[in-house]
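The values are calculated or read from the model by the stated rules, or taken from the named source; none is laboratory data. Since this is a predicted model, take the numbers as computed values, not measurements. Note that we place each Cβ from the backbone using ideal geometry, even for glycine, and neighbour counts take in every protein chain shown. Remember, those area values only see protein heavy atoms, side chains included, never the ligands or the DNA or RNA. Shrake-Rupley method; radii C 1.70, N 1.55, O 1.52, S 1.80 Å.
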Amino acid sequence: MNQKAHRYDARFANEIEPRWQKVWAERKTFEQPNPGEPAFDAGKERFYCLDMFPYPSAAGLHVGHPEGYTATDILCRYRRMIGFNVLHPMGWDAFGLPAEQYAIQTGVHPAITTRQAIDNFRRQLQRFGFSYDWSREFGTIDEDYYRWTQWIFLQIYNAWFDELEQRARPIDELVSELEQGHAAIDADGRVLRFDHEEVRDLPEGARMWDRLTAEEQQDAVDANRLAYVGEQTVNWCPKLGTALANEEVIDGRSERGQHPVLRKPLRQWLFRITAYADRLVADLDGLDWPESTKTMQAEWIGRSEGAQIDFPLVSPPPTAPPALRVYTTRPDTIFGATYMVVAPEHPLVDVILERPGKRTDVDALRAYVTEARNRSDIERQENKEKTGVFTGAFCTNPATGATIPVWVADYVLMGYGHGAIMAVPGQDQRDWDFAKAFELPIVRTVQPPADFDGEAYVGEGPAINSEFLDGLEVDHAKRRILDWLEENGIGRRQVNYRLRDWLFSRQRYWGEPFPIVWDDNDRPYAVDASTLPVTLPELEDYAPEESDDPKPLLAKAGDWVRTTAGEAGVAALDPSTPVRRETNTMPGWAGSCWYYLRFCDPRNADRLIGEEAEAYWMGERGVDLYIGGAEHAVLHLLYARFWHKVLFDLGHVRSPEPFRKLFHQGMITSYAYQRDDKTLVPIDQVEEKSEGVYVETATGAEVQRITAKMSKSLKNVVNPDDIIEHYGADTFRLYEMYMGPLADGKPWNTDDTVGLYRFLQRAWRMAVDESTGEVRYADAADGEIEKKLHRTIDKVARDVEKLSFNTAIAAMIEFVNAAQGGVTENQLDRFTRVLAPFAPHVAEEIWSRMGRTECVSDAAWPAIDEAMLKDDEVEIAVQVKGKVKARIRVAADASKEELEKAALATLEGEPNVVKVIVVLGRLVNIVTR
RNA sequence: GCCGGAGUGGCGGAAUUGGCAGACGCGUCGGAUUCAAAAUCCGAUUCCCGCAAGGGAGUGUGGGUUCGAGUCCCACCUCCGGUACCA
């Protein structure tokens, strides 16, 4: 008995793992000093490796979290061993809707539930033995942190975008540009920058600074800030009680909670992200990001080149502009524009309703636009039948001179272009469908190929029915008509984007308050940066009212809202001036837009990031490696790039992009069971009747095994705590990395974890005598084992750099399988270092039993001897017409002639050899007739 | 519909990028150990025919390039992710 008292098992793993975690914490093994601090080693290269920080929920970690975190942990531990300064931080993305909703459900304040969730997440993450520098930990809800989130908001608020220089500049510089006459304010209130000091033709409605009243000057400045208040049709979610950004609405439903979303005009805080559209697209080029993500961002921004064209209105009412302005990417088809369409929200509609034309059916028009404006996005998507009403108005087609009708239809969206189109049914399928439904004329202006039997033709071809364009190919025709439009003052070239300005205010409680107050004239004032943070007030009742009208929850905090300029810290006003605080809060994205900067210098009380820390850790290229899920491809990753670019323009960071290299780990799915009608059966209601045959326990009906996202309803969620209890964290880490390529989606299969557990048992047994617990060494090194060890070290190092952890682990398994007879002390020393990044706890335990006093986590990566990677003799294949017929052993450096001779010698009889192909060190292929 | 990505044993996946398909792990089968079981260890395991030696087929389907194709080209099928009246 007691013969195998020192085996590696779950109990043992659960004993040593917390013990080593404590040692690392006590020795501050993974605390990375900053430049300027005494312990900092300036001679080492930096490696800033960032995980997407988690949103701590009450449910705790799921198995998807540790996937990316284990990957970065292995890479960081490896990079430390080869001599990098490694910045590998962790924190909490803790403001946002889900925490507030959970708090409403439980009746406990979100500050309390969020802190509990953070504590639980920290406990779970630490149990994995991740090498985070926990001294840099923070949460976005910490006052020390969101103070700077508010500070950055003020930076954006106090900036404008100079179109001429294509960059953000401080707002003071706008005022001086205007004062010096280098800019004017156009009819829409936007800045008009001049590329010459001399002002030539001021466009209609534009005015110079000195022609504006003081109030108009103030309005003009406010209207040009990068953060501004605007009236916009927004996505309003009654269930969540807040407006949402475009990016947060998926198929007409809220990204969080899948509640229906309506369109509603609201006054909201917006970020002028559209000003950066060009740079956000162009700078994707230099990034080492997955192509799919770059494509998604580029498509989301949706740059298109076309023209804006004015179609004069026929006898317009005096309150209407003289022409209807449209955007088109196909100006070459203008001769085929047989009617116009405006969106239901288009201002012309209201003008017409006030002063209807002779042909206007006022009741029908009013009924249509009222219904269309109230229709939810979901309803819009469900019914794509073309509907619309004739407005009674007419335009002149400036190319043909023809009078054409103006319709209103909901297939034209107010939010894109000018909310109006010229309809060319011959070359646009949507216009074709509409023209067919309402019997409008169709004129083709591009000649389709002879065999074309479709409806609208969108391909290449010569122009027809287009006067001076006839015969020109599409590209040429476009250039020609654009020149004509510009010469005649009818239209001009225009670049358009699908991207809209970012709606930044939420009517929720659990978020950063805006550092803004309003005076009695409803004019906004910034809170002085020195008085930040504007802290979130306590609120007794933060439950939302389900409502069609936005009521920011903070409005309930009356004493907090009503204050004075002096108390609020607004230096621009007399201290006694009564003001109201902004009651909207920032969206959950705010905190994650810049957390990677704060990790570089998390305790800096004077700046959001110290200059020295910023220069070293971020430098000119930004974060070296960022790993996280692909679900953030256009949300967080676009917003963070935008904030970063503003900070870059204003001189706070020196890298134009925040994340040089990005990698998405694949989703871990789980098995699920499906009935013949495709409905899913919870996993605990299914049993395996025979091999590969699964039946529903209750009915005995056969079900199919499929893979699906883990979800509570399918009862196929795997809890990491259970796996650790059963096998230990080292086994868990190895299993997740061994499942398959990091980037791929992979099904979780708990049965497979035992393979990695056995690997650790064998590795342990290779090193330790299981009856005594002492390390054991072979007396002399076996030549083959030594060779294999060199190859293993080499392979693991290469694979880790490629993030190919599954093959790295396979190589270690092969080594341990081959070395069950035992290894020398020196060999064990090297193997333990190789194992350490993957299974750090068991590696430390072996290391310490070898008598080492330092941590293996602090050891250097073992060196290899290149000569040991080569074989003296290799086996090569002999093929006849591509089929392997024999294998021969030859010297590794055998010449082409030697190989050919040896290969031909294996052939029997008298083959008719036509040709022999020799691939050195690999194979010989003999071609016979 | 459009844009990405992927289809390899019973399962998860390897394959130095055009050079011996199936590394490694799970499972299964056989054996050892055990009073027995668990655990562990050893061996076998792509499929088909065959007692065997051996033979044949084989990387979603069909075609092509090549001495040679999982890998390259063309057409198609299926699955996953994204997106959708963006003029």
Which listed residue, of A:L539, A:L573, is in a loop (DSSP other than H, G, I, E, B), in contact with a Lys or Arg (Cβ under 7 Å, 6 or more places away or on another chain), open to solvent by less than 40 Å² (accessible area, probe 1.4 Å) and without any contact (Cβ under 8 Å) to a residue 60 or more places away in the chain: A:L539
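Looking at segment A:304-313, can you tell me whether even one residue there is touching a residue at least 12 places away in the same chain (Cβ under 8 Å) and assigned to a loop (DSSP other than H, G, I, E, B)? Don't jump to the end; show me each part of the working.
Within segment A:304-313, the first condition is being touching a residue at least 12 places away in the same chain (Cβ under 8 Å), and the residues that meet it are A:304-313.
Imposing the further condition that a residue be assigned to a loop (DSSP other than H, G, I, E, B) reduces the set to none.
Taking every residue of segment A:304-313 in turn, none turns out to be touching a residue at least 12 places away in the same chain (Cβ under 8 Å) and assigned to a loop (DSSP other than H, G, I, E, B).
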Whichever residue in segment A:434-447 is open to solvent by 20 Å² or more (accessible area, probe 1.4 Å) and in a loop (DSSP other than H, G, I, E, B) and, among such residues, is farthest from A:H476 (Cα to Cα): A:E439
A:W847 being within 30 Å of A:I82 (Cα to Cα), in a loop (DSSP other than H, G, I, E, B) and modelled with pLDDT of 80 or more: no
Selection within segment A:242-265 - in a strand (DSSP E or B), out of contact with any helix residue (DSSP H, G or I) (no Cβ under 8 Å at 6 or more places or on another chain) and open to solvent by 20 Å² or more (accessible area, probe 1.4 Å): A:I250, A:K264, A:P265
Count of residues meeting criterion [without any contact (Cβ under 8 Å) to a residue 24 or more places away in the chain and of a type in the set (D, E)] in segment A:288-298: 1
Selected residue [within 15 Å of RNA strand B (Cβ to nearest atom), assigned to a loop (DSSP other than H, G, I, E, B) and modelled with pLDDT under 90] from A:K689, A:K678: A:K678
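Here is a yes/no grid of residues against (1) open to solvent by less than 40 Å² (accessible area, probe 1.4 Å); (2) free of Cβ contacts under 8 Å to residues at least 60 places away in the same chain; (3) more than 30 Å from A:G302 (Cα to Cα):
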residue	(1), (2), (3)
A:E487	no, yes, no
A:Q494	no, no, no
A:L499	yes, no, no
A:W510	yes, no, yes
A:D522	no, yes, yes
A:D528	no, yes, yes
A:T535	no, no, yes
A:A555	no, yes, yes
Residue among A:A159, A:A223, A:A184 that is touching a Leu at 6+ places or on another chain (Cβ under 6 Å) and farther than 20 Å from A:C593 by Cβ: A:A184
Filtered residues of segment A:68-108 (kept if among the polar types (S, T, N, Q), open to solvent by 10 Å² or more (accessible area, probe 1.4 Å) and within 21 Å of A:R123 (Cβ to Cβ)): A:T106
Candidate set: segment A:614-660, residues that are in a helix (DSSP H, G or I), open to solvent by 10 Å² or more (accessible area, probe 1.4 Å) and touching a Lys or Arg at 6+ places or on another chain (Cβ under 8 Å); chosen: the one farthest from A:L742 (Cα to Cα): A:D649
Index of the failed condition, A:L202 passing every other in (1) crowded, with 17+ Cβ neighbours inside 10 Å; (2) part of a loop (DSSP other than H, G, I, E, B): (1)
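For (1) under 49 Å from the mean Cα position of the chain (by Cα); (2) without any contact (Cβ under 8 Å) to a residue 12 or more places away in the chain; (3) within 12 Å of RNA strand B (Cβ to nearest atom); (4) assigned to a helix (DSSP H, G or I), each residue gets a yes or a no:
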{"position": "A:F831", "(1), (2), (3), (4)": "yes, no, no, yes"}
{"position": "A:V842", "(1), (2), (3), (4)": "yes, no, no, yes"}
{"position": "A:P862", "(1), (2), (3), (4)": "yes, no, no, no"}
{"position": "A:V878", "(1), (2), (3), (4)": "no, no, yes, no"}
{"position": "A:K901", "(1), (2), (3), (4)": "no, yes, no, yes"}
{"position": "A:L904", "(1), (2), (3), (4)": "no, no, no, yes"}
{"position": "A:V914", "(1), (2), (3), (4)": "no, no, yes, no"}
{"position": "A:G921", "(1), (2), (3), (4)": "yes, no, yes, no"}
From the options A:A58, A:A111, residue that is outside any helix (DSSP H, G or I), open to solvent by 10 Å² or more (accessible area, probe 1.4 Å) and out of contact with any strand residue (DSSP E or B) (no Cβ under 7 Å at 6 or more places or on another chain): A:A58
Residue list for segment A:777-829, restricted to those being within 35 Å of the chain's Cα centre (by Cα) and of a type in the set (S, T, N, Q): A:S804, A:N806, A:T807
Every pair of residues 6+ apart whose Cβ atoms lie under 6 Å, when the first sits in segment A:803-828 and is near RNA strand B (Cβ under 6 Å from one of its atoms) while the second is open to solvent by 30 Å² or more (accessible area, probe 1.4 Å): A:N806/A:Y738
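Of a type in the set (F, W, Y), under 24 Å from A:L353 (Cα atoms) and in contact with a strand residue (DSSP E or B) (Cβ under 6 Å, 6 or more places away or on another chain): does that describe A:F394?
Values: of a type in the set (F, W, Y): yes; under 24 Å from A:L353 (Cα atoms): yes; in contact with a strand residue (DSSP E or B) (Cβ under 6 Å, 6 or more places away or on another chain): yes.
Taking the combined requirement at face value, the residue satisfies it.
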Helices (runs of 4 or more DSSP H) within segment A:323-415 that include 1 or more residues at pLDDT below 90, open to solvent by 20 Å² or more (accessible area, probe 1.4 Å) and within 16 Å of RNA strand B (Cβ to nearest atom): A:362-374, A:377-382
Pairs with Cβ under 8 Å, 6+ apart, first in segment A:444-458 and in contact (Cβ under 8 Å) with a residue 40 or more places away in the chain, second acidic (D, E) and open to solvent by 40 Å² or more (accessible area, probe 1.4 Å): A:V446/A:E460
Residue list for segment A:753-775, filter: exposed (fewer than 13 other Cβ atoms within 10 Å of the Cβ) and either hydroxyl-bearing (S, T, Y) or near RNA strand B (Cβ under 6 Å from one of its atoms) (or both): A:S771, A:T772
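Give me a count of the residues in segment A:1-25 that are out of contact with any helix residue (DSSP H, G or I) (no Cβ under 9 Å at 6 or more places or on another chain), away from RNA strand B (no atom under 13 Å from the Cβ) and closer than 15 Å to A:H841 by Cβ.
Let us first name the residues in segment A:1-25 that are out of contact with any helix residue (DSSP H, G or I) (no Cβ under 9 Å at 6 or more places or on another chain), namely A:1-5, A:11, A:15, A:22.
Of the ones still in play, those that are also away from RNA strand B (no atom under 13 Å from the Cβ) are A:2, A:5, A:15, A:22.
Narrowing further to those that are closer than 15 Å to A:H841 by Cβ: A:15, A:22.
So the answer is 2.
Does A:K22 satisfy the condition of being part of a helix (DSSP H, G or I), over 34 Å from the mean Cα position of the chain (by Cα) and among the basic types (K, R)?
Values: part of a helix (DSSP H, G or I): yes; over 34 Å from the mean Cα position of the chain (by Cα): yes; among the basic types (K, R): yes.
Yes, satisfied.
Would you confirm whether or not segment A:801-810 contains a residue that is part of a helix (DSSP H, G or I) and within 21 Å of A:A13 (Cα to Cα)?
Within segment A:801-810 (the criterion being part of a helix (DSSP H, G or I) and within 21 Å of A:A13 (Cα to Cα)), the answer is yes, since at least one residue qualifies.
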For A:L125: the one exception among (1) at pLDDT below 95; (2) part of a helix (DSSP H, G or I): (1)
Residues within segment A:207-241 that are open to solvent by 60 Å² or more (accessible area, probe 1.4 Å) and part of a helix (DSSP H, G or I), tallied: 7
Yes/no for A:V517 being more than 32 Å from the chain's Cα centre (by Cα) and either surrounded by 14 or more Cβ atoms within 10 Å (Cβ to Cβ) or not basic (K, R) (or both): yes
Index of the failed condition, A:D133 passing every other in (1) of a type in the set (D, E); (2) at pLDDT 95 or above; (3) open to solvent by 20 Å² or more (accessible area, probe 1.4 Å): (3)
